[in-house]
1. Among T181, T223, T196, which is of a type in the set (S, T, N, Q), more than 19 Å from V138 (Cβ to Cβ) and within 30 Å of the chain's Cα centre (by Cα)?
2. Look at L103 and say whether it is crowded, with 18+ Cβ neighbours inside 10 Å, of a type in the set (A, V, I, L, M), in contact with a Leu (Cβ under 9 Å, 6 or more places away or on another chain) and at pLDDT 95 or above.
3. Tell me, please, whether a residue that is aliphatic (A, V, I, L, M) and in a helix (DSSP H, G or I) can be found in the range 88-102.
4. Here's a check for you: in the range 228-240, which residue that is assigned to a strand (DSSP E or B) and modelled with pLDDT of 90 or more is farthest from C261 (Cα to Cα)?
5. Would you pick out the residues in the range 119-129 that are farther than 13 Å from V204 by Cβ and surrounded by fewer than 16 Cβ atoms within 10 Å (Cβ to Cβ)?
6. Taking the range 137-196 on its own, how many of its residues are under 20 Å from L237 (Cα atoms), modelled with pLDDT under 85 and β-branched (V, I, T)?
7. Determine if the range 78-87 includes at least one residue that is farther than 23 Å from P126 by Cα and part of a helix (DSSP H, G or I).
8. Which of the numbered conditions does A256 fail, given that it passes all the others? Conditions: (1) surrounded by fewer than 16 Cβ atoms within 10 Å (Cβ to Cβ); (2) modelled with pLDDT under 90.
Amino acid sequence: MSSRVLFGLAMAVAIALGCFPAQVASGQPLVASGQPQAASGQPLPARSAAGGAPQEQPVERAETLVLHAHQLEHQPAREALPLVEPMLSPRGSLELRAQTNTLVIRDHASIVDAVRAALREFDHPPIDLVLDLYILSVSRREGELPRGADISDLPPALVEGLGSMVRFNEYQLLAEGQLLTREGQPVSYELGSRYTVSFQVGTVLGARRLKLRGFEVSSRRGTLSETLVATDINLTLRRMLVLGFVASESSDRGLAVAVTCRPRSALDVRLGGS
């Protein structure tokens, strides 16, 4: 009998006795993973130290996301977007369905519950508001100028706000007015014979914050109209906001617009004010 035949019989006996994995006979490579291998080459389940039944490896399962559609009754759903978006998790999503005034939220159940609670507070009946508006020219005069001589008749909150505009030391009140409005209303208001102020009233958030969208101040001269200010402004109720506008950084003259907003007195208690 040849040496090749004897070698083949020896290999067959070795495999039958379990001395070599079956992959050697078929010419397939051994799996060098350092773990016990099944005949298919896949790792065997780990066993306990006591040699008991195989231990199952823990499997991480992602939390199921919840879908919730919230239709608002009183307030525009688009106004709630800045409120809801920061509340979402990285896996969350938010969809606005403007035709039905609905927000669709998809996120973890705990977050969806928190969003629902915030939206219930947000979706209150429209609140009546009082806005005070002031338009002033501002300039700088060389040397010391006693500001009180020019602004003594202005409200103290306005005087304080103007004091933060350190580059100017002379002010002149051009127009002022007070108007009644409510959340969600578009406003166009004439201040005196020369100025027009227009904006869209937003929704009061957290009983304190209010955005005026498309806030625009224009001046009229005869049949011509010039836009002086165009921006969105964020207000805190009962706190005056003073904005300064100049043509360039080197300008020694400019325009100041001051706005303050509060709920009508009958609703102060509801909003938690004093």
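1. Going through T181, T223, T196 in turn, just one is of a type in the set (S, T, N, Q), more than 19 Å from V138 (Cβ to Cβ) and within 30 Å of the chain's Cα centre (by Cα): T181.
2. Yes: the conditions hold for L103.
3. Initially, the range 88-102 is screened for residues aliphatic (A, V, I, L, M), giving 88, 94, 96, 98.
This time we only want the ones that are in a helix (DSSP H, G or I), so: 98.
Yes, there is a match, as at least one residue in the range 88-102 is aliphatic (A, V, I, L, M) and in a helix (DSSP H, G or I).
4. This residue is A230.
5. R120
6. Counting residues in the range 137-196 that are under 20 Å from L237 (Cα atoms), modelled with pLDDT under 85 and β-branched (V, I, T) gives 1.
7. Taking the range 78-87 as the starting set, the residues that turn out to be farther than 23 Å from P126 by Cα are 86-87.
Next, from what is left, pick out any that are part of a helix (DSSP H, G or I): 86-87.
Yes, the range 78-87 has at least one match.
8. All conditions are met except number (1).
The values are calculated or read from the model by the stated rules, or taken from the named source; none is laboratory data. From a predicted model like this one, the values you see are computed outputs, not experimental measurements. Cβ coordinates were reconstructed from backbone atoms using ideal geometry, including for glycine residues, and neighbour counts include every protein chain displayed.
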